[in-house]
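Written below as structure tokens is the structure these notes are about.
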Amino acid sequence: MLLHYRKKPDEMRSQAKTIIGCIENSNKYASDADRVADMVMILFAGHGTTAHSLAWIFFELARNQKEATRLREALSGKDDTRAQQLLKDVLREGMRLRPVYATVAVRTLGRDWHVKGKNMVLPKGACIIFPSSLLTRDGVEKAEEFEPMRWKLHPDKTFLSFSSGAHNCAGKSLALAEITWVLSRLCARYQFEVVDEGTPEYCVFWKCKGALLRCQKA
């Protein structure tokens, strides 16, 4: 990717203000390997997974016009704090209801793990898989419904959408920034409605095959 970019004529590279160009010209990288690592992260965090999360959130807002109207009115109002909080709640609820991956993380235990409240011990060396679609529904009332307002009651709750700890998603900040930016711009100006709900399926990502939305100015 980097080598291909460098083969372009100098005038093309100097005129185009691209992310790859910024990475190539930055003196903060110790090596090209570090540059390529960031490029790959942007492709994964800023393209596939982010696009799928956005698609699902728009889909749920289109199915739930009351929530869409509440968000649009907040974004068009003068209370920035309320708008930011509601935008955050919509984002979290969309990612809770429609996690991109089937599993958010796979970990190998470094010690025996005693499961709290159960007579069970997970042995050291065991491979633990966290299924996203179950984790985001466990202990949640009306778990299959899109209800952003539920986060007002549990503002600190998390479903590990980006995993956690030292090995969490490296692109978390970028993904959240992109989703928030796109949602705030489009939801403030446009109204979405479902034309065809399609068929949900898992193929690397959880996507809705054949889904179709109609967009018009609000």
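The values are calculated or read from the model by the stated rules, or taken from the named source; none is laboratory data. Keep in mind the model is a prediction, meaning the values are calculated, not measured. FYI the Cβ positions are ideal-geometry reconstructions off the backbone, even for glycines, and counts take in every protein chain you see. Just the protein is used for accessible areas: all its heavy atoms, side chains included, with ligands, DNA and RNA removed. Shrake-Rupley method; radii C 1.70, N 1.55, O 1.52, S 1.80 Å.
Cross-chain or 8 or more residues apart, Cα under 23 Å: how many lysine pairs in the stretch 1-141 fit that? Count them up, please.
Counting lysine pairs in the stretch 1-141 gives 9.
Which aspartates and glutamates, on any chain, are close to Lys157 with Cα under 15 Å apart, when same-chain ones fewer than 8 places away are left out?
Within reach: Asp89, Glu93, Asp138, Glu141, Glu147.
Under the rule of -39500 (n - 2.57) per DSSP H run of 4 or more residues, summed and divided by the residues of the chain, what mean residue ellipticity at 222 nm is obtained, to the nearest 500 deg cm²/dmol?
Helices in the chain give a 222 nm mean residue ellipticity of -13500 deg cm²/dmol.
Set the Förster radius R0 to 25 Å, insert the Cβ-Cβ distance between Asp79 and Ala177 as r into 1/(1 + (r/R0)^6), and round the FRET efficiency to 0.05. Don't skip to the answer; put the middle values down first.
On the way: r = 22 Å, r/R0 = 0.87.
Calculated transfer efficiency: 0.70.
Mind checking which helices in the chain clear 24 Å along their axis (Cα) and have mean Kyte-Doolittle hydropathy of -1.0 or more, DSSP H runs only?
80-97, 172-189
What's the long-distance tail for the chain, i.e. % of Cα pairs beyond 25 Å?
Here the long-distance tail beyond 25 Å is 52 percent of all Cα pairs in the chain.
Which order do the peptides 24-37, 126-139 come out in when sorted by mean C-beta neighbours inside 10 angstrom, highest first?
Per-residue mean Cβ counts within 10 Å order the peptides as 126-139, 24-37.
With each pseudo-label sitting 7 Å past Cα toward Cβ, what's the Asp138-Glu201 distance in nm, one decimal?
That separation, rounded to one decimal, is 3.0 nm.
How much length is gained on full extension from His154 to Leu122, taking 0.36 nm per residue of separation minus their Cα-Cα distance?
Values: separation 32, 0.36 × 32 = 11.52 nm, distance 2.94 nm.
Stretched fully, the His154-Leu122 segment lengthens by 8.6 nm.
Rounded to the nearest percent, how much of the accessible area of the chain (1.4 Å probe, protein heavy atoms only) is carbon and sulfur?
Here it works out to 56 percent.
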